[in-house]
Amino acid sequence: MNGETKIKFKERLLQISRDIIQGSRLEIIPENIDKVFYYYTRYNERTHSEMSKIDALVDSHKIAACFLFSIIKAEPLAFTITDKNKSPDTFPSFKEHAANEMLGFIFGLYILKIFIEKEAKTPEEIFIAQKEIELPICKGKTQYTHHFIQIISKENIDIENKDFNQNIIFIFSHIFFLIEKFNYHYWLSFYKQDK
């Protein structure tokens, strides 16, 4: 990743972080934002070394998964209690408890969006690239993000843990792949209606 891309990604990471912490007892830990890129390099190198084609580039879905785990590992968002916020005996909300997982998922979607825009060539692909990523609809009032976060186990994704299982990158990259395919077909149906 070149310096310009890193600056762009860091700015976007901070922007998403600021959106997430609104109305919560969360704060951004600036030095941990920098750690995201350190861990990303480690996850990406490990992923590349496990790929069957050594000369192949890591695809967008694996990049999104590497960033997801890098963010969770670096923990750039922290739940804190200070004099200026709510009572210390109030338990953390789901958002406060899973803020880094949420940040990682949303940033992963951002990575997908970059590649969708970059790779769009046909009229329908260009149409789809101009849209926001659409997620599957869940029953009731729950959101897809909530379900996605629930399947992440921090113990299995820690690259520094001796029990780290590289397959987790491939599993979550496949989830990002399926999200991209869902998004493609969702917006393609609107494109066809307009024709």
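The values are calculated or read from the model by the stated rules, or taken from the named source; none is laboratory data. Computed from a prediction, not measured in an experiment: that's the story for all the values here. No Cβ is skipped: glycine too gets one built from the backbone with ideal geometry, and neighbour counts run over all protein chains shown. These accessible areas exclude ligands, DNA and RNA; they are computed on the full protein's heavy atoms, side chains included. Shrake-Rupley method; radii C 1.70, N 1.55, O 1.52, S 1.80 Å.
Worth pointing out:
- Within the chain, longest stretch clear of exposed GluC sites (Glu not before Pro) (DSSP loop, no more than 11 other Cβ within 10 Å): 1-131
- Taking the C-alpha atoms only, the angle from helix 99-119 to the longest principal axis of the chain is near 20 degrees.
- Our helix-only sum for the chain, with -39,500 (n - 2.57) per DSSP H run of n ≥ 4 divided by its residues, gives a mean residue ellipticity at 222 nm of -21000 deg cm²/dmol.
- Residue-count net charge about Lys10 - beta-carbon cut-off 12 Å; Lys, Arg +1, Asp, Glu -1: +1
- Probe 1.4 Å - accessible area at Cys138, Å² to nearest ten: 30
- Of the listed residues Val58, Val36, the order by accessible area with a 1.4 Å probe, largest first, is Val58, Val36.
- Across His61, His48, the residue with the most accessible area heads the list, and the full order at a 1.4 Å probe is His48, His61.
- Distance cut-off 19 Å, percentage of C-alpha pairs in the stretch 104-195 lying past it: 50
- Fraction of accessible area attributable to carbon and sulfur, the chain (%, probe 1.4 Å): 53
- Checking the cross-link pairs Lys35/Lys162; Lys113/Lys162; Lys8/Lys131; Lys62/Lys118; Lys73/Lys118; Lys35/Lys62 against a 24 Å limit on the alpha carbon distance flags Lys113/Lys162; Lys73/Lys118 as lying beyond it.
- Normalised per residue, the accessible area of the chain is 59 Å², obtained with a 1.4 Å probe and no contribution from ligands, DNA or RNA.
- Shown here: Rg and Dmax of the Cα atoms in Å, derived from the displayed model; of the candidates (i) 22.8, 95; (ii) 17.7, 58; (iii) 23.8, 78, it corresponds to (ii).
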